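So the structure is just underneath, and the comments pick up after that.
The values are calculated or read from the model by the stated rules, or taken from the named source; none is laboratory data. The structure displayed is predicted, hence computed values, not measured ones. All Cβ positions, glycine included, derive from the backbone under ideal geometry; neighbour counts span all protein chains shown. Side chains are part of the model used for accessible areas, which takes the heavy atoms of the whole protein and leaves out ligands, DNA and RNA. Shrake-Rupley method; radii C 1.70, N 1.55, O 1.52, S 1.80 Å.
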Amino acid sequence: MQQGYHPDGTTGADTTRLFDLSKRNWGKTGLAGFTAAIAAGSSKRNGDGGNETVRADDLSGFSIMYLVDNTDKELYNDDTKAHVGQLLANCAPELTSAWGEGGLVNSRTGKYLPGFRDIDDKEVQFRYVADLSYAVADNADATGTIAAGLAEFARQRSQDSIAYYDSDADKLGGIHNAYNQGAEAVGVLTGLADQKSSNNAEENSKGANAAVNIFSDIALTGLSAWSGPAAVAVNSTAGQMIKPAVTTLAKPVIADAVSNATGSEAVEVPTENSERSLWAASVQDAANAGLLDERDFDADNSNTYTWIKENEDGSHSIDLSNTHGAKNREVTDWVNSVQSPDAKRDPNAPKRPRDPTLDKLNDDFKGVRADGRTRGVTEGKNRK
């Protein structure tokens, strides 16, 4: 492909200089500086669609291509890997699509990542981002940062569906699909990470653990709920059906800082609770969109859960933004109570029905993530 050629016809950055720099014989320190500049530029993708945003789009897409084609991965030190993780996180919409076998396209805009529109083979597009992700997958800061971008995009897509669709059924389907596709994408990442670390055990490498734990937490709480260094890692407009089309990270997410927000290390082996975070996030989104039956909040013990909030108009919402998964079991218990007969209620009172909305919020995220991981493992083996 010609250097600097923009397949979608837009004006933007002249990537010829970027191409030349990517072929320079960098040392480790120089390459870290080069990728730091790329990562910083990629964070401008969250603009209003003007020239700066277009240039950032061009920079991001062609950087992925040129880094894969032209740089020596043996020179990637930890700083370089974290910067590349930030670049890939800032392309989370396209990664989510590509790792779901849809090509490097932003599902919100229908636009391909610059540099890839004229590549018809989606497997080739997949391999570019898999190659670059594999190169950094043994670094927990890199995988955690990528996972943070994937999770925030899943949250954003869930909110988009709520705003866009008219029917409750379509809204619910959109919520589920958003988290489902995010789970598949992070599954691919964990498979790559485990293979990069020469560890065939499922999600037992630090890179894979960080990806799962950070993805699960951010899907539930959002990045804005994090404290310490992670809190300033994002310039986020997630959850709003407005411009921009991409939520970007202004700096890498440092895995060692995750404990400041969650109370546990990001690199710990994920527990079953991490799967419940996606389920809890789905319930939270459905409740806050007004899709649940208000009678659900009369279920036994509902008034004992601090994350159930009463709004000014008397309706109810759910706020799990500061729980970091600690209340997932409570959410499950509450849903079970909603969907069960009220043994303690006045037998003469009208019986509260099951909520069909909760029945429609499927909980098959673990299987989908496992499928993604299988593909990531296969791709990782191909890169040994």
Quiz item: Within the bounds of region 106-119, is there any residue that is open to solvent by 10 Å² or more (accessible area, probe 1.4 Å), closer than 22 Å to residue 190 by Cα and either of a type in the set (Phe, Trp, Tyr) or out of contact with any Pro (no Cβ under 8 Å at 6 or more places or on another chain) (or both)?
Solution: no
Quiz prompt | Unmet requirement for residue 176, which otherwise passes all of (1) buried (at least 24 other Cβ atoms within 10 Å of the Cβ); (2) assigned to a helix (DSSP H, G or I); (3) out of contact with any strand residue (DSSP E or B) (no Cβ under 8 Å at 6 or more places or on another chain) | solution = (1)
Quiz item: Counting just the residues of region 327-365 that are in contact with a Leu (Cβ under 9 Å, 6 or more places away or on another chain) and either part of a helix (DSSP H, G or I) or among the small types (Gly, Ala, Ser) (or both), which one comes out modelled with the lowest pLDDT?
Solution: 365
Self-check item: Subset tally (residues that are open to solvent by 10 Å² or more (accessible area, probe 1.4 Å) and in a helix (DSSP H, G or I)) for region 156-171
Solution: 11
Self-check item: Residues of region 111-155 that turn out to be part of a loop (DSSP other than H, G, I, E, B) and more than 18 Å from residue 56 (Cβ to Cβ), as a count
Solution: 7
Quiz item: So, in region 309-326, of the ones that are assigned to a loop (DSSP other than H, G, I, E, B) and under 15 Å from residue 277 (Cβ atoms), which residue ends up modelled with the highest pLDDT?
Solution: 319
Exercise. Considering each of 194, 138 in turn, give the residue that is open to solvent by 40 Å² or more (accessible area, probe 1.4 Å), of a type in the set (Asp, Glu) and either closer than 16 Å to residue 365 by Cβ or in contact (Cβ under 8 Å) with a residue 60 or more places away in the chain (or both).
Key: 138
Practice problem: Could you tell me which numbered condition residue 12 fails, if it satisfies all but one of (1) surrounded by 14 or more Cβ atoms within 10 Å (Cβ to Cβ); (2) assigned to a loop (DSSP other than H, G, I, E, B); (3) modelled with pLDDT of 85 or more? | Solution: (3)
